[in-house]
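Quick notes on the structure that follows.
The values are calculated or read from the model by the stated rules, or taken from the named source; none is laboratory data. Treat the numbers as computed from the prediction; the structure is a model and nothing was measured. Cβ atoms come from the backbone with ideal geometry, glycine included; neighbour counts cover every protein chain shown. Heavy atoms of the whole protein, side chains included, go into the accessibility calculation; ligands, DNA and RNA do not. Shrake-Rupley method; radii C 1.70, N 1.55, O 1.52, S 1.80 Å.
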Amino acid sequence: MHDVTAVEQAASGDEAGIKAYYVAQGVGADGYERYSATGATVSVWAASMQHGAPPSALLARAVERCAAREGARVARLTMDILGPVPVGEVEVRAWVERPGKRVELVVAELVAAQADGTKRAVAKASAWRIATSDSSSVVHTVDAPLPTVPEASEIGWGVPDGWDVGYVKSVDIRPVENDGDTRRVWVKPRVEVVEGEEISPLVRVFSVADVANGIGAQLDPYQWTFLNTDLTIDLFRLPEGEWIGLAVQTSIGPDGIGMCSTVLHDEQGPIGHCLQILEVRARG
């Protein structure tokens with residue numbers, strides 16, 4: 001009954017009782033893993049499309065599990081959004097595009113049915129997986145750490161009217177004081193990525209990082225749209241613990257293109273950077 005429940009929840013946008021962004025539906029003969037997206041994936045931009053964070057987390061999970069080996073980890077992953085990711089059934093597969101002993105390229109794609117019944121890729125990811133070695137004696141971090149995770153009641157995020165739905169309701173967002181143009185929050189998911197599975201450190205980052213565009217928004221969402229076309233994350237260290245910190249800066253150019261740049265943190269300090277390119281348009 002999982003497949004029926006998940007699809008019905010996704011269609012209604014009802015987050016009550018949802019435990020995960022996706023419910024696994026097995027592997028098809030074509031090798032694609034199939035999942036039903038729940039209502040917790042719903043975007044603030046449209047009830048029929050997923051927020052960027054759950055698909056990026058699902059792709060990161062696929063990349064991490066593809067030909068996994070000890071002594072190597074994903075250091076950089078770029079997700080390109082090829083079109084709206086519908087709230088419903090999706091399929092994922094991953095493969096090693098360029099093998100290597102020290103550095104290898106792993107690729108994944110997310111496929112969904114279109115309105116006419118045909119299927120096409122709606123998102124792709126490419127990741128560099130690098131062999132690890134001991135560099136503990138030369139650890140160095142440039143970015144300043146964030147203030148500690150506050151109590152939930154200390155500072156309100158100020159969610160715009162109509163935005164407290166779907167994915168936004170699935171995460172705990174706790175802001176700290178802004179630093180000039182830098183908007184700073186701590187985030188953790190309240191649900192699993194795939195039902196019944198513990199979230200790995202890598203996937204945890206991707207389960208929340210795409211929210212940076214909304215956190216760092218410099219525009220009124222009722223006057224402007226500013227969807228990101230991609231998401232690139234570079235991690236010099238994997239996170240520890242449940243909370244991921246975001247220190248977000250957004251710049252907007254004169255010709256409808258913006259950039260959201262984020263320093264990622266865990267409670268021990270910075271762990272990497274995130275970059276999103278934005279397509280900016282006035283409404284109406």
Original post:
What are the ³J(HN,Hα) values, in whole Hz, obtained from phi via the Karplus relation 6.51 cos²θ - 1.76 cosθ + 1.60 with θ = phi - 60°, for each residue of the stretch 128-142 in sequence order, with x given for Gly and Pro?
Top reply: 8, 9, 10, 5, 8, 8, 7, 10, 4, 7, 10, 4, 8, 10, 8
Original post:
Which value at 222 nm does the chain reach when only helices count, each DSSP H run of 4 or more adding -39,500 (n - 2.57), with the total divided by all residues and rounded to the nearest 500 deg cm²/dmol?
Top reply: -4000 deg cm²/dmol
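Under the 0.36 nm per residue contour assumption, what length would be gained going from the current alpha-carbon distance of residue 97 and residue 140 to full extension? Before the final figure, lay out the partial values.
Details: separation 43, 0.36 × 43 = 15.48 nm, distance 3.16 nm.
Contour length minus the Cα-Cα distance gives 12.3 nm.
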Subject >> Solvent-accessible heavy-atom area per residue, rounded to whole Å², over the chain at 1.4 Å >> reply: 48
**OP:** Could you estimate the translational diffusion coefficient of the stretch 22-137 from the Stokes-Einstein equation, with Rh from the Kirkwood formula over C-alpha pairs, at 20 °C and 1.002 mPa s, in whole µm²/s?
**Re:** 143
Original post:
Taking a probe of 1.4 angstrom, what is the accessible area of residue 138 in Å², to the nearest 10?
Top reply: 110
Original post:
Taking one equal scatterer on every alpha-carbon of the chain, how large is log10 of I(q)/I(0) by Debye at q = 0.07, 0.14 1/Å?
Top reply: -0.24, -1.03
**OP:** Please list, or write none, the aspartates and glutamates whose alpha carbon is within less than 16 Å of the alpha carbon of residue 119, excluding same-chain residues fewer than 8 places away.
**Re:** 30, 33, 89, 91, 109
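Assuming 0.36 nm per residue, please report the length gained on full extension of the stretch residue 237 to residue 19 beyond their Cα-Cα distance. Mind showing how you got there, number by number?
Values: separation 218, 0.36 × 218 = 78.48 nm, distance 2.81 nm.
Additional length available on full extension: 75.7 nm.
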Original post:
In straight Cα distance, which aspartates and glutamates are under 19 Å from residue 101, not counting same-chain residues fewer than 8 positions off?
Top reply: 64, 70, 134
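Could you look at the stretch 56-135 and say what percent of its accessible area is carbon and sulfur, using a 1.4 Å probe and all protein chains? Provide the component values of the computation, followed by the final result.
Numbers: 1970 of 3870 Å².
Carbon plus sulfur share of accessible area: 51 percent.
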Original post:
Top to bottom by accessible area (1.4 Å), largest first, where do 73, 93 land?
Top reply: 93, 73
Original post:
For residue 48 and residue 218, what is the calculated FRET efficiency with R₀ set at 25 Å and r taken between the beta-carbons, to the nearest 0.05?
Top reply: 0.40
**OP:** Would you kindly derive the ³J(HN,Hα) couplings of the stretch 110-123 from the backbone phi angles with the Karplus curve 6.51 cos²θ - 1.76 cosθ + 1.60 (θ = phi - 60°), listing them in order in whole Hz, with x for Gly and Pro?
**Re:** 10, 10, 9, 6, 9, 4, 8, x, 6, 10, 8, 5, 10, 7
Subject >> Candidate aspartates and glutamates for bridging to residue 19, where Cα separation is under 13 Å - those fewer than 8 sequence places away on the same chain excluded >> reply: 192, 195, 197, 198
